[in-house]
1. What is the one condition in (1) modelled with pLDDT under 90; (2) of a type outside the set (Val, Ile, Thr); (3) in a loop (DSSP other than H, G, I, E, B); (4) more than 30 Å from ASP191 (Cβ to Cβ) that ASN68 does not satisfy?
2. Among all residue pairs at least 6 apart or on different chains, which show Cβ distances below 7 Å where the first residue, located in the range 140-167, is in contact (Cβ under 8 Å) with a residue 24 or more places away in the chain and the second is in a helix (DSSP H, G or I) and aromatic (Phe, Trp, Tyr)?
3. On the basis of being open to solvent by 50 Å² or more (accessible area, probe 1.4 Å), without any contact (Cβ under 8 Å) to a residue 24 or more places away in the chain and among the acidic types (Asp, Glu), does ASP184 make the cut?
4. Out of everything in the range 136-167 that is within 19 Å of ILE254 (Cα to Cα) and out of contact with any strand residue (DSSP E or B) (no Cβ under 7 Å at 6 or more places or on another chain), what residue ends up being most open to solvent (accessible area, probe 1.4 Å)?
5. Can you tell me which residue within the range 191-216, out of those that are in a strand (DSSP E or B) and touching a helix residue (DSSP H, G or I) at 6+ places or on another chain (Cβ under 8 Å), is surrounded by the fewest Cβ atoms within 10 Å (Cβ to Cβ)?
6. Please list, ordered by first then second residue, the pairs with beta carbon atoms under 8 Å, 6 or more apart or interchain, first in the range 33-56 and under 26 Å from GLU193 (Cα atoms), second of a type in the set (Asp, Glu) and open to solvent by 30 Å² or more (accessible area, probe 1.4 Å).
Amino acid sequence: MSLDIPTLYLYIGFSNYFELIATDDVTKDLISFSIRRGRNHQLDKVDAGTAIFLLRNAHGNYWPGNTNSPYYPDIRPDRYIRLRAVYGATDVYIYSGFVTAWVPGWLSEKGGLVPCMTLKCVDAIRQLSRYALNDGTGYAAQVSGTRVGAVLDSYGWSATIRDIGTGAYTMQATGALKNQNLMDHIRAVEDSEGGLFFVAADGDVTFQDSTYRAALTVQATFSDDISGGDMPYVLPEISFDDEYIYNQVRAQRIGGTEQVVNDTPSQGI
């Protein structure tokens, strides 16, 4: 029996901010990587995905001042980076983001020290979080998906690298905006819709509305009884703290009526 092991490919967009071409394949220099994406639990927002890539730098191609490097003068922050695996004939994207720092170092190997370069990366949520909305007219009343798209248009985010759901609820008009953080606005839309905003592994800025979230098909069921095909638990983390306990939740949109939800059992604890 043979095991089909995926082949990894690491690309850095030296030539263009959002474009990755074959000549920028740096897989041969990849030593190791670590990636953190997602959220800690279901009630959290999805954080910006982070990654660390360690590259061999024996030829000095990743030194910013090396004019003989094929990547000169583009060894600098904000270069686009993507990691994918090919399994059989299928591309599986693992991470897409931007290099925030190039950190030189040394690896201890047989025969001495070898120069290396550590790339610290964060996905597009960081880019979006650094932008302030300053629209003289603001946004009209529109469904959440249209609003997210309009906000991304204000930033100038390409329509080819986004995946935006339609939205089930209408967001009220904003009036003129001045110095409002882009991600703060999107998070408010996310809360109002009950949706989810994140950057997918292929780099698409993604918004899933409440309809999409409610229609998700269960991919796996875990239980203590695996005789019926369920999957077993593996080292589950059990919590008995107050993280998920609420007594009362109050929410009110501008110009709207306050909505109140009570959790009577927790109030009696």
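1. Failing condition for ASN68: (1).
2. Pairs found: GLY165/TYR212.
3. For ASP184, the condition - open to solvent by 50 Å² or more (accessible area, probe 1.4 Å), without any contact (Cβ under 8 Å) to a residue 24 or more places away in the chain and among the acidic types (Asp, Glu) - is met.
4. Among them, the one singled out is THR137.
5. Once the filter is applied, the top-ranked residue is LEU196.
6. Listed by first residue and then by second, the contacts come to GLY38/ASP47; ARG39/ASP47; HIS41/GLU243.
The values are calculated or read from the model by the stated rules, or taken from the named source; none is laboratory data. All figures in this text were calculated on a predicted structure; none of them were measured in a lab. Methodologically, a virtual Cβ is constructed for each residue, glycine included, from the backbone with ideal geometry; neighbour enumeration extends over all protein chains shown. Note: areas computed on protein heavy atoms with side chains; ligands, DNA, RNA excluded. Shrake-Rupley method; radii C 1.70, N 1.55, O 1.52, S 1.80 Å.
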